[in-house]
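Novice: Below is the structure I would like to discuss, written out as structure tokens.
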Amino acid sequence: MKHSMKYAAMAALAAMCLSCTTKQPNPLAKEILNNPDLQVVDSMGRSILSQGFNAGSGYSQVWARDMNTFIETACEEVNPEEIRGALLVFFALQQPNNEMIDGYVLKGEFNWGDPKPYYSDAAPDHVGFKNTVETDQETSLIQIIGKYIRKTGDKSILKEVVNGQTVYERMVKMIDYLMTEKYDSKYGLLTGALTSDWGDVQANDDEMVDINENSVVTIDAYDNAMFAIALGYMAEMSEGEDKAKWEKMRKEIVANTRKHLWDEAANKIIPHVYPNGTPDFMDFDENKIHYHGGTAIAIEAGILEHDEIGIVNAQMVRNVQQSGMPSIGLTVYPPYPEGFFRGGMAKAYVYQNGGDWTWFGGRMIQQLIANGYIEEAYAEITPMIDRVIKNKGFYEWYGQGGVPSGSGHFKGSAGVLCKAIEMLREWAENNK
């Protein structure tokens, strides 16, 4: 009898220990997996991304900076051969000085009066275009190729010969172009013109998208973080000495970006460094501005440390509350003062001067997930998901009051949300 009681007690104790060590259900994971809105938005996004490579409704052009943000999901929805063909057109339109275009369009659809078209005998049916105030064209295309290879396994594209040179050789020459034409040796970083964060519209001139004699030369975190990410892909796509070279360059760009563009005291990205002197901002302090998009890309490039990611995210949430804008897609806060930019952007919370862009907010969500900030990511993606359902589309940007603006089926917005949803659900499956 005593033995029976002893064994019964031991069995009870073992059962208690087992219940203590059994993994309890994760309520957040369960909520994510059971959220029907995530499935609805993912399906809507994939439907749009299956319909070609132009930037979205209202755009006939294929842009590298846009395609970079939807290529991964597009590879799951479109025949890879079609994607490969679309990518090779970019390389056919690479210019004699080795620079890369922003994007291209069929000649019959080139109808917006661009005074500086780009042509190539290797792509006789197409016209290229480029907003030269920005410095993310070469780096965007390199990232696209890296993501395409990851998704499809098609490494043969690197050896594809386009107009006498392989794709890999052309990417090397794109980097040569950046280092020759855009590199500032004093800071060890790439330059561009004075725009709002990641934007491609410059201040102080009516020629808003092309560098000219009136352009203000700047160095910003977005351009250089994009370069660091591209160099990481180059290392991944290379072997031997090339691999080591690209990795060394990547580390140098990361270190120099942190050195010159990270404000240790304020825990934020510095908007710009001005190699040729700071312009007159009158009584406006540009360094008070938070650059949400450039910060997200800097995180992706590995420029910020883990705790700093949490700090800048809290700053973004606070900026949203202070501005009254819908989400952390808020471009910059506070916006540049009225009249600093021309045209529509002369007003605050319009377009790239404080408009709310899912296109970049979604990339911040991705980085929150990648770095373990799951609760924050889920909370902060919710307004983006809600407005897609409410407005029945992926709008390009949102103004004050959550008013949708621009393209109603903007593929960049769809691409970043589809990827973020996939990342959330993958985390939830692994942690349920």
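The values are calculated or read from the model by the stated rules, or taken from the named source; none is laboratory data. For clarity, every value in this text was computed on a predicted model and none was experimentally measured. In this analysis, Cβ positions are derived from the backbone assuming ideal geometry, glycine residues included, and neighbour counts consider all displayed protein chains. Ligands, DNA and RNA are excluded from the accessible area calculation, which covers all protein heavy atoms including side chains. Shrake-Rupley method; radii C 1.70, N 1.55, O 1.52, S 1.80 Å.
Novice: Name the single residue that is surrounded by the most Cβ atoms within 10 Å (Cβ to Cβ) among those in segment 409-432 being of a type in the set (Lys, Arg) and touching a Leu at 6+ places or on another chain (Cβ under 9 Å).
Specialist: Only one residue tops the list, namely LYS411.
Novice: Among the residues of segment 114-124, are any acidic (Asp, Glu), within 26 Å of LYS155 (Cβ to Cβ) and at pLDDT 95 or above?
Specialist: Restricting attention to segment 114-124, the residues satisfying the condition of being acidic (Asp, Glu) are 114, 121.
Next cut, within 26 Å of LYS155 (Cβ to Cβ) only: none.
No.
Novice: Only residues that are modelled with pLDDT of 95 or more and open to solvent by 70 Å² or more (accessible area, probe 1.4 Å): list them for segment 277-299, please.
Specialist: Of everything in segment 277-299, those that are modelled with pLDDT of 95 or more and open to solvent by 70 Å² or more (accessible area, probe 1.4 Å) turn out to be ASP285, ASN287, LYS288.
Novice: Just give me the residues in segment 387-405 being under 17 Å from ASN353 (Cα atoms) and open to solvent by less than 50 Å² (accessible area, probe 1.4 Å), in sequence order.
Specialist: GLU396, TRP397, TYR398, GLY399, GLY402, PRO404, SER405
Novice: Six or more apart or on different chains, Cβ atoms under 7 Å: show the pairs whose first residue is in segment 71-91 and over 21 Å from PRO124 (Cβ atoms) and whose second is aromatic (Phe, Trp, Tyr).
Specialist: Taking only residues 6 or more apart or on different chains, the pairs are ILE71/TYR148; CYS75/TYR148; ILE83/TYR148.
Novice: Determine whether GLY199 is in a helix (DSSP H, G or I) and under 19 Å from the mean Cα position of the chain (by Cα).
Specialist: no
Novice: Of everything in segment 218-228, what is in a helix (DSSP H, G or I) and either within 12 Å of ILE145 (Cα to Cα) or charged (D, E, K, R) (or both)? Give them in sequence order.
Specialist: Within segment 218-228, ASP223 is the sole residue that qualifies.
Novice: For segment 100-119, which positions are within 30 Å of LEU189 (Cα to Cα) and of a type in the set (Gly, Ala, Ser)?
Specialist: Answer for segment 100-119, where residues must be within 30 Å of LEU189 (Cα to Cα) and of a type in the set (Gly, Ala, Ser): just GLY103.
Novice: Quick one: which residue in GLU241, GLU247, GLU252 is part of a helix (DSSP H, G or I), open to solvent by 20 Å² or more (accessible area, probe 1.4 Å) and touching a helix residue (DSSP H, G or I) at 6+ places or on another chain (Cβ under 6 Å)?
Specialist: GLU247
Novice: Please enumerate the residues belonging to segment 378-432 that are acidic (Asp, Glu), part of a helix (DSSP H, G or I) and touching a residue at least 12 places away in the same chain (Cβ under 8 Å).
Specialist: GLU380, ASP386, GLU422, GLU429, listed by residue number.
Novice: Let me spell it out: the conditions are (1) in contact with a strand residue (DSSP E or B) (Cβ under 6 Å, 6 or more places away or on another chain); (2) within 25 Å of CYS75 (Cα to Cα); (3) open to solvent by less than 40 Å² (accessible area, probe 1.4 Å), and TYR148 meets all of them except one. Which number is the exception?
Specialist: The number of the failed condition is (1).
Novice: Quick test of your reading of the structure: LEU141 fulfils all but one of (1) under 23 Å from the mean Cα position of the chain (by Cα); (2) open to solvent by 20 Å² or more (accessible area, probe 1.4 Å); (3) not charged (D, E, K, R). Name the failing condition by number.
Specialist: (2)
Novice: A further question follows. For VAL317, work out the one condition from (1) among the hydrophobic types (A, V, I, L, M, F, W, C); (2) touching a strand residue (DSSP E or B) at 6+ places or on another chain (Cβ under 6 Å); (3) open to solvent by 20 Å² or more (accessible area, probe 1.4 Å) it doesn't fulfil.
Specialist: Here VAL317 meets the rest and fails (2).
Novice: Then there is this: Quick one: in segment 144-186, of everything that is β-branched (Val, Ile, Thr) and more than 20 Å from ALA86 (Cβ to Cβ), which residue is farthest from the chain's Cα centre (by Cα)? Walk me through it before giving the result.
Specialist: Of the residues in segment 144-186, the ones β-branched (Val, Ile, Thr) are 144-145, 149, 152, 157, 161-162, 166-167, 172, 175, 180.
In the following step, the residues that additionally are more than 20 Å from ALA86 (Cβ to Cβ) were identified as 172, 175, 180.
Working: VAL172: 22, ILE175: 19, THR180: 25 Å.
The qualifying residue farthest from the chain's Cα centre (by Cα) is THR180.
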